[in-house]
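Structure, as structure tokens:
Coordinate-derived values only; no laboratory data. Here the structure is a predicted model, which means the values were calculated and not measured. So basically every Cβ, Gly included, is an ideal-geometry build from the backbone, and we count neighbours across all protein chains shown.
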Amino acid sequence: MKTELVIGCGSKRNPVLSMTAGDNDYHNPTYVDLEPRHNPDVVHDLNVTPWPFEDNSFDEVHAYEVLEHLGRQGDAVSFFATFAEIYRVLKPGGVLLATVPAYNSRWAWGDPTHTRVINDGSLVFLCQPEYRQVGATAMSDYRSLWQDDFDVLFCSYDTLPDRMAFVLQAVKPSRCTV
């Protein structure tokens with residue numbers, strides 16, 4: 001049975017994105033939130049790692065309007081730590097389904113609790129084959145911080161108003177060559 005981890009769930013209990021068209025339900029979810037009043041299965045601050053889950057535990061991680069609350073803009077260590085935790089808890093081939101405010105949305109920086117903007121350019125740094133650009137483009141080399149690996153299966157600013165929706169697939173073992 002498919003297992004799903006829903007991080008920063010709030011009081012929402014339905015997925016925004018799905019790998020299967022027309023599938024609008026979770027099947028075996030574990031809900032995580034910082035606020036006990038949302039009645040999550042696990043109360044946890046997602047900025048604190050490691051998260052309280054075993055390696056390779058989930059087929060899917062769902063993160064809707066939460067990643068922009070984690071870490072700080074310009075803090076590469078916290079950016080990669082968040083995605084490393086997602087990678088760690090995903091099974092090989094597992095997927096992250098996520099939405100964040102679009103970089104040009106009034107909500108990107110308008111919400112006083114947003115601490116970073118994630119855009120399609122941010123996702124490039126999570127895919128190891130993209131590091132072939134280092135030295136040929138302005139791309140920085142973060143492989144000293146990031147040895148894990150995702151493929152970008154989907155990324156769109158047109159799916160939902162004011163949001164970027166994306167799906168990343170965990171590549172295990174990683175294709176990191178450094």
(request) Take the alpha carbon atoms of the range 4-170, find their radius of gyration, then divide it by 2.2 N^0.38 Å using N residues; give the quotient. (result) 1.00
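Would you calculate the volume per residue, in Å³, of the smallest convex hull containing every Cα atom of the range 67-126? Before the final figure, lay out each step's value.
Details: hull volume 5.1 nm³, N = 60.
Cα convex hull per residue, to the nearest whole number: 84 Å³.
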(message) Quick check on packing: order 59-71, 83-95, 110-122 by the mean number of other C-beta atoms within 10 Å, highest mean leading.
(response) 59-71, 83-95, 110-122
(message) Only bridges whose two residues both fall in the range 4-170 count here: according to DSSP, what percent of them are antiparallel, nearest 5?
(response) 45
(request) Largest first and to the nearest Å, give the Cα extent of the range 103-154 along each principal axis. (result) 35, 23, 20
(request) Measure nothing but the geometry: give the 0 to 90° angle between the long axis through the Cα atoms of 76-89 and the longest principal axis through the Cα atoms of the chain, rounded to 10°. (result) 60
(request) Would you be so kind as to identify which of Gly71, Leu97, Thr137 lies farthest towards the positive end of the dipole of the chain, taking Lys and Arg as +1 and Asp and Glu as -1 on Cβ and the Cα centre as origin? (result) Thr137
